[in-house]
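Reviewing the structure listed below.
The values are calculated or read from the model by the stated rules, or taken from the named source; none is laboratory data. Computed from a prediction, not measured in an experiment: that's the story for all the values here. Glycine also receives a Cβ, built like all others from the backbone with ideal geometry; neighbour counts cover every protein chain displayed. Accessible surface is based on the protein model in full, side chains and every heavy atom, while ligands, DNA and RNA are left aside. Shrake-Rupley method; radii C 1.70, N 1.55, O 1.52, S 1.80 Å.
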Amino acid sequence: MLPAMLKPLPANAPKSWQILTAPFLGFALDREFKLKYLRLQSTDGEFTVKLPKHLRGEAVRVLTAPVSLRLWLEPRGDCPQFKVQRFEVLTETVAPPPLPQSPSHKPSALLSDAPSEAPALPMPVLAVCNRGSCRKRGSEALCQALQSAIEEWNAGDRLELRTTGCLKGCKEGPTIELPDGTRKTGCRPGDARVLIAGILDSEA
C-alpha cells in the first residue's frame, strides 16, 4: 500500500507518476552490495523505493541522513513497489519520527529483574587488507575514505575500521571483510559511503 502522505502529481505530469515527501533514512543494498534503494520514513513506518542507475551517483554525492526529500515515483508494474524518477532535497536537518518500541525494550530501570549494567557487545569490525598487492592497489586511500564515511554517519561507536593482513583475492584487491565475514574485492574509495551505509543498515 502507498504511504499516507503520497499524493497525485499535477495534471500535466505523467499519469502513472506520484509525488512523495518523506524523511530520508539511508541507502539499502542488494546481495551484491550494490546500491539499489532509498530507505524512507512514512507515518506507517519504514519503507524502500528503487533508485535507478542514472540517479545513484547523484544520490550518493548529495544525500546524508537526516534530510527530507520530495520524490517523483513511478509504479513498478502490478507490484506494490515504486521507482524514483526524480528527487529533490527539501531540508538539511529534518529528523525522522521515532518508530514505536515493543514492551521488551523498556529501560532496564523499569524491569525488576534487569541487571544493573548490561554486558557490552563486541563492536562490529570492517577489515581492510593493507598488505602487498592490496596496498599497491590503493588500500590506504580506501581506508581513509571508509573512515571519513564512518565519521560522516556518526558511526564511530557502531563500527570499527581495522587494517589486517592478507584476505585473499589479491589480484582483484583491495579486499575487505564485512562484519558478517563476507569478503569483497575490487573496492575503491568512491564505494566507501555506500559500503558503510549498507553495513550500518544490516547491523541496525
| said: How large is the accessible surface of Glu46 in square angstrom, using a 1.4 angstrom probe and rounding to the nearest 10? | reply: 90
| task | Give me the distance between the Cα centres of the range 45-61 and the range 176-198, rounded to whole Å. | result | 18
| request: Give the shape of the range 150-204 as rounded, prolate or oblate, defined through the alpha-carbon gyration tensor: a ≥ b ≥ c are the square roots of its eigenvalues, a/c under 1.5 means rounded, and otherwise the shape is prolate if a/b is larger than b/c and oblate if not. | output: prolate
| query | Stretched out fully, how many nm does the piece from Ala141 to Thr64 gain, at 0.36 nm a residue minus the Cα gap? | reply | 25.6 nm
| Flagged links, alpha-carbon separation over 20 Å, of Lys36/Lys171; Lys34/Lys83; Lys34/Lys184; Lys53/Lys168 | Lys36/Lys171; Lys53/Lys168
| request: Please find the FRET efficiency linking Glu172 to Asp30, where r is the Cβ-Cβ separation and R0 is fixed at 25 Å, and quote it to the nearest 0.05. | output: 0.80
